[in-house]
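The values are calculated or read from the model by the stated rules, or taken from the named source; none is laboratory data. Computed from a predicted structure; not experimentally measured. FYI the Cβ positions are ideal-geometry reconstructions off the backbone, even for glycines, and counts take in every protein chain you see. Just the protein is used for accessible areas: all its heavy atoms, side chains included, with ligands, DNA and RNA removed. Shrake-Rupley method; radii C 1.70, N 1.55, O 1.52, S 1.80 Å.
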Amino acid sequence: QLSSTTDSQSSLATQPFQRLVETLKSSTQTCTIIESSCGGLISSSLMSVPGSSRVYFGGTVAYSTKRAGKLLCGDEELHDRLLKSTSPAASDDDNKMIVGVEEHLSEETKAYIQSKVKWTQEAALSYCKHMDTDFAIAEGGATGPTFHPEGMKAGFAVLAVAGRRSGQDDVEILAQKLVLSTHGDREMNMRLYADAAAELCVEAMNIADPSIEMTTEQPDTNQVQSTNVTDKLYLDRSSHLRSDAEVMKELYNRSDAQHVIVKGASEVLLGSDDQLSLPTLEQPFLGTLFETDDAKKEALENRTFLGRLGDEQTPLFAMYLPEDTNVSSDSNNSYFANTRSRAPMLSPLHNEIALTATAYVNWRDSHRFCTRCGSPVEFVQGGTCAKCTSGHMAWPRQDPSIIVLVTNAESTHALLARSPRHPSYLYTALAGFVEPGENMETAVAREVHEEVGVHVNHHSINYISSQAWPFPQSCMIGFHAKTNAADGLASINIDPEEIVDARWFEKEDVYLAARDTDMMGAVLDRQVVEAQQANGNWTGSLLVPSKGVLARTLVDHWLEE
């Protein structure tokens, strides 16, 4: 099992807290914290970010309101108000303060949540005044695994942020939010609530003063740029521009054009654990990737146009580099990483960009000659079309593949398997290619029977989601399927050419494996897991794919049923 603590500050300094600290620093503002069920995790996460001492002076963990009176800034009136907010009589007030409470919850549970709505409001307002900070975060809720009132099966937290609007002296509640969990895992819920608290505080800062810049520190012009993902940033593939030679020439010459750097067929350049590095022609760093000017010229000429980014419509290209390319010492911490194992760890937009760039690079590398006549090809339309000397044209394709999570009829067990390319601890869903003339559902049933000798109920096959997977050129279509009730936990007979091992796993075991996976990250990378094992942080035997991979989506969908 994973240790409940960690020696690494980076596991505490999550992205929401890094953003919160940088936003507080850039606006020269401060905050304080009073938390309950998070047990100090909000404070420790904020404190683990370098520079947090400039914006945070301390806070309080009031785990038991009844016994925490002396911790509440010496304010006996506040203690009385907090006690009253948790009393049954307090639940008779206006229910409109409850935001996002699901109708299926019992009235007792709703009243309990209502009490935390009031508790966090009172606590945030008082702490902002007592500590004389610009903002105060208050958190109250339940993490699990046991709950009061009875009947609750999953955790929740109510968060409130108090502060002063720009130009005003009065403290008010700027933002409040209810976070509902789907389980009772204490550690995971504490992390969920803490990150949500950091995000809510940033939102409250924008409410207090809309002019505050909601970004992290900007790199200097001599360093590589990592694009911040916001609601306004998206990939516009701009396919209608590809055949316009004049427009393409202009986009290729844009000095602010950004580049996804693909090394060989399997690595991309990262700027951080969840962001690509997207250097521009203006940045000297890009030139350091090439040994000669001729090599740089060739790479620039063979770029592939991926589209335009966001409302600013910044051109985006894929650039191929040889496998022996190294990153220089002045790379601003950029580094190459395996696309297959690390792309799922990226933000959704950067994941899409990384997979798109990888797909085009691999396609161009494998389609240098016409598949109809064998003559050489040149790449036109921004590098997205291959045209041979005889005039034949070809475009990239995706091969449909199915991936399916098979469960027993009662949905208490899942059938997971391990292929030869997977580490010994990693079990996942079954997958295979769709054959010519075959529909998806038939492919599901065939692949399951071929790989593990199990028959599924055709009527139980349900589509869940899909994912591009350019390794080398697949599009994965995800399904759930069940065995027939009469089969129970059906006997498994693996195809040793395809599968090393396959087993039925209880839902609780898969849940714990998913939790352990989330604590480690890119578990497809053996070095990541081996480091945790060497430190004694993980002594288990089962992990599942990381979040961001379709196989994990299927697993999570089943766990949440």
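Whether any residue in segment 91-98 is open to solvent by 20 Å² or more (accessible area, probe 1.4 Å), modelled with pLDDT of 90 or more and touching a Ser or Thr at 6+ places or on another chain (Cβ under 8 Å) is what I want to check. Looking through segment 91-98, none of the residues is open to solvent by 20 Å² or more (accessible area, probe 1.4 Å), modelled with pLDDT of 90 or more and touching a Ser or Thr at 6+ places or on another chain (Cβ under 8 Å).
Among residues of segment 206-248 being among the polar types (S, T, N, Q) and modelled with pLDDT of 50 or more, the one that is surrounded by the most Cβ atoms within 10 Å (Cβ to Cβ) is 238. If you go through segment 543-561 and pick out every residue that is in a loop (DSSP other than H, G, I, E, B) and surrounded by 19 or more Cβ atoms within 10 Å (Cβ to Cβ), you end up with 4.
Could you grab me the full set of residues in segment 162-194 that are closer than 15 Å to residue 124 by Cβ, aliphatic (A, V, I, L, M) and touching a Lys or Arg at 6+ places or on another chain (Cβ under 9 Å)? Scanning segment 162-194 gives 162, 171, 174, 178.
Of the numbered criteria (1) within 15 Å of the chain's Cα centre (by Cα); (2) closer than 28 Å to residue 481 by Cα; (3) not acidic (Asp, Glu), the one residue 520 fails is (2).
Could you tell me whether any residue of segment 507-517 is of a type in the set (S, T, N, Q) and either under 29 Å from residue 337 (Cα atoms) or within 25 Å of the chain's Cα centre (by Cα) (or both)? Checking segment 507-517: at least one residue is of a type in the set (S, T, N, Q) and either under 29 Å from residue 337 (Cα atoms) or within 25 Å of the chain's Cα centre (by Cα) (or both).
There is no residue in segment 71-87 that is part of a helix (DSSP H, G or I), out of contact with any Pro (no Cβ under 9 Å at 6 or more places or on another chain), open to solvent by less than 10 Å² (accessible area, probe 1.4 Å) and at pLDDT 90 or above.
Considering segment 179-205 alone, what residues qualify as being at pLDDT 90 or above and either open to solvent by 20 Å² or more (accessible area, probe 1.4 Å) or in contact with a Pro (Cβ under 6 Å, 6 or more places away or on another chain) (or both)? Across segment 179-205, the qualifying residues are 190, 191, 192, 195, 198, 199, 203. Inside segment 343-359, residues that are within 14 Å of residue 470 (Cα to Cα) and touching a helix residue (DSSP H, G or I) at 6+ places or on another chain (Cβ under 8 Å) make up a count of 6. On the stretch given as segment 38-61, residues that are in contact with a Gly (Cβ under 6 Å, 6 or more places away or on another chain) and modelled with pLDDT of 90 or more total 1. Can you confirm whether residue 286 is under 26 Å from the mean Cα position of the chain (by Cα), open to solvent by less than 40 Å² (accessible area, probe 1.4 Å) and not small (Gly, Ala, Ser)? Taking the combined requirement at face value, the residue does not satisfy it.
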